[in-house]
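A short write-up of the structure that comes next.
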């Protein structure tokens, strides 16, 4: 978390989340303060922007840094599995990269339960990556429950964006 | 008139409570949704004279002490304070019996008088009297010193004395509420620990800041457990209610949350997450960790009964979030919530008679109560998001938080009595969530 180096602009976050802009409230999507990624000093990560397959931008935009979950669920659907397979491939191709897998929930649950639900989601994504060849030691997980929504309206179109796990790529070894 | 006769005036309120406690568990499990409008309930009409001062220099103190007492009684919803403008006389010497006829015509059933004077040691003293107007006699009188360092406390102690004298209810005004002070945008809230008197006065920030969640008072009211993201993941910390150094509890490899003290204050019930799975554990403050549940479900939000023999908690082991009770040592758990919807955040009343919870049904959130065997479910509130009840020290009220929807959504603290009456905002400086009501102060 301390390796947060820069934040993607809100629009980029929206685009890579596959989120259509909110017709009633165009500014309803905030930059995800935890979606920051650290530039990879010593990690062998490139800085050539979205066209550089070793860059963090490429990971977030082309590979996809997040997957979504149904209400109160933590199983990975076909879309989520496809994204996670691409993530695993990227991690295998960039052996210096490590990541924290964040689990998040929407606001329609109680705080403590949502912490536990976020932990389930982060763990589901983490396990899938490990099963697809990413060394466990390069991954960490954390739950934010309902504390850090990225879409701020109180309708399903926002909640569906908040029920997510996000691979936040960090430099250096997992602490 | 006797105390019992006074209490009988509160019959609709206390009667419902008594039924809730004493009635045998019905076989039928459907939630009871009683009339929460309070239409049947009549608050006790009382007159409170301005507190007098023994010397002009104390007039300001007398006025502010009386005003705090009056505000407490008003907020409780149990009393109707007769407007001072209606009084036939305010000139009632403290040491004489009042002319009860003057108060009967106002339909006052109780009269409260008080005076402030300086004791030989220089400290302020407050003496107050509570009269039964109909019987024409004094019910209660007490003399209390004002703590110069905490000048508002004496007023709460007086309000507690009046409450107990007139209703038989145990005291609760002399207590505090810990909560999370919320500022910043919805997507990146700053959440910091705060503590205040139950009436919203004397807000202090003990020092935990950043992303801090779910504070819980220790049984002696001196310390607070809470969740902090200081280390980058949710972990349980302990801090003095007035500040001081923060101590991380345990050094667990995974995430820890949902802490609550045992009744003796020596142990902490908590949830640990391992491999994505959350179970309940008991941590000794002097060491020792005991696992209480072990299954693939989410087991969290544990709360002890006042005797420390049983634990109520929430689990989705049956497929949805529901409330269970098990022995404090772990073992077989019995599900007690059976209504439609899901249930979380159970908390045992300090009186032992009720369990309060959050209920989610058909897209609405409710605060509710039920008996520890699951019978007598009653929903007290409803909104887009009501969550996290915590009982007053006498078990008569719960404080909880309500969050409004949307990008500008904001959390506020509210209190409501356990039959669903007297829902009120609790004043806080900023948006506020996750309240924990302290025990009665010592």
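Taken together, the values in this text are just the output of simple stated rules run on the coordinates, not laboratory data. Keep in mind that what you see is a predicted model, and the values were worked out from it rather than measured. Neighbour counts run over all protein chains shown; Cβ positions are idealised from the backbone, glycine included.
Calculate how large, on average over all directions, the projected area of the Cα convex hull of the range B:308-420 is; give the answer in nm² to one decimal.
7.3
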| note | Rounded to one decimal in nm, the spacing of the 7 Å Cα→Cβ label points at residue A:73 and residue B:90 is 6.7
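Express the relative contact order of the range A:95-175 as a whole percentage, based on alpha carbon pairs under 8 Å and six or more residues apart in sequence. Intermediate values should be presented prior to the final figure.
Numbers: 159 pairs, mean separation 39.3, N = 81.
This gives 49 percent for the range A:95-175.
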| remark: Using alpha carbon centers only, the range B:394-409 is separated from the range A:139-162 by a whole-angstrom value of 21
| Gaussian network model of chain B, springs between alpha carbon atoms under 10 Å - residue of B:391, B:252, B:237 with greatest fluctuation | B:252
| remark: Listing B:359, B:191, B:186, B:351 by rising number of other beta-carbon atoms within 10 angstrom, fewest first, gives B:351, B:186, B:191, B:359
| task | Return the Cα extents of chain B along principal axes one, two and three, sorted largest first, each rounded to a whole Å. | result | 72, 51, 43
| query | Of all the Cα-Cα pairs you can form in the range B:236-332, what percent are over 24 Å apart? | reply | 20
| note | Of the convex hull enclosing the alpha-carbon atoms of the range B:168-254, the direction-averaged projected area in nm² is 7.1
| task | With a bin width of 5 angstrom, please list the P(r) values of the range A:77-166 as percents of all Cα-Cα pairs, from the 0 bin to the one holding the largest distance. | result | 3, 16, 23, 22, 17, 12, 6, 2
| Where the centre of each part is set by its Cα atoms, how far does the range B:211-260 sit from the range B:325-346, in angstrom? | 24
| field | Shielding by other protein chains, B:225-235, mean Cβ within 10 Å | value | 3
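With an 8 Å Cα cut-off and a minimum separation of 6 or more residues, compute the relative contact order for the range B:339-442 in percent. The partial results should precede the final answer.
Working: 250 pairs, mean separation 20.1, N = 104.
Taking the mean separation of contacting Cα pairs over the length of the range B:339-442, I get 19 percent.
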| request: Please determine, in degrees from 0 to 90 and to the nearest 10, the orientation of helix B:11-22 with respect to the longest principal axis defined by the Cα atoms of chain B, where the helix direction is its Cα long axis. | output: 30
| query | Can you tell which of B:376, B:302, B:122 shows the greatest fluctuation in a Gaussian network model of chain B with Cα springs below 10 Å? | reply | B:122
| message | Given an 8 Å cut-off on Cα distances and at least 6 residues of separation, report the relative contact order of chain B as a percent. | response | 13
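Tell me, B:156, A:104, B:140, B:366 in order of fewest to most beta-carbon neighbours within 10 Å? Working shown, then result.
On the way: B:156 25, A:104 29, B:140 17, B:366 22.
Least to most surrounded, the residues fall as B:140, B:366, B:156, A:104.
Using only DSSP helix segments of four residues or longer, with each worth -39500 (n - 2.57), what per-residue ellipticity at 222 nm results for chain B after dividing by its residue count and rounding to 500? It would help to have the intermediate numbers written out before the result.
Numbers: 5 runs with 57 residues, N = 442.
Value at 222 nm, helices only: -4000 deg cm²/dmol.
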| request: Could you check which residue among B:388, B:254, B:240 shows the biggest mean-square fluctuation in a GNM of chain B with a 10 Å Cα cutoff? | output: B:254
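So for each of A:153-160, B:322-329 I average, over its residues, the number of other beta carbons within 10 Å; can you give me the resulting order with the highest mean first?
Packing order, densest peptide first, comes out as B:322-329, A:153-160.
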| said: I'd like the orientation of helix B:59-76 relative to chain B: the angle between its Cα long axis and the longest Cα principal axis, in ° from 0 to 90, rounded to 10. | reply: 50
| query | How crowded by other chains is B:266-279, given as the mean number of beta carbons from other chains within 10 Å of each beta carbon? | reply | 4
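Divide the volume of the convex hull of the Cα atoms of the protein assembly as shown by its number of residues and quote the answer in cubic angstrom per residue. Can you show the working numbers first?
Values: hull volume 104.0 nm³, N = 617.
Enclosed volume per residue, from the Cα hull, is 168 Å³.
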| said: With angles folded into 0 to 90 degrees, how steeply does helix B:153-167 sit against the dominant principal axis of chain B? Use alpha carbons for both and round to 10. | reply: 80
| query | Given labels modelled 7 Å from the Cα in the Cβ direction, how far is it in nm from residue B:105 to residue B:74? | reply | 2.6
| note | Shape descriptor, the range A:42-82: equivalent ellipsoid semi-axes (Cα gyration tensor, sqrt 5λ, whole Å, largest first) stand at 28, 10, 8
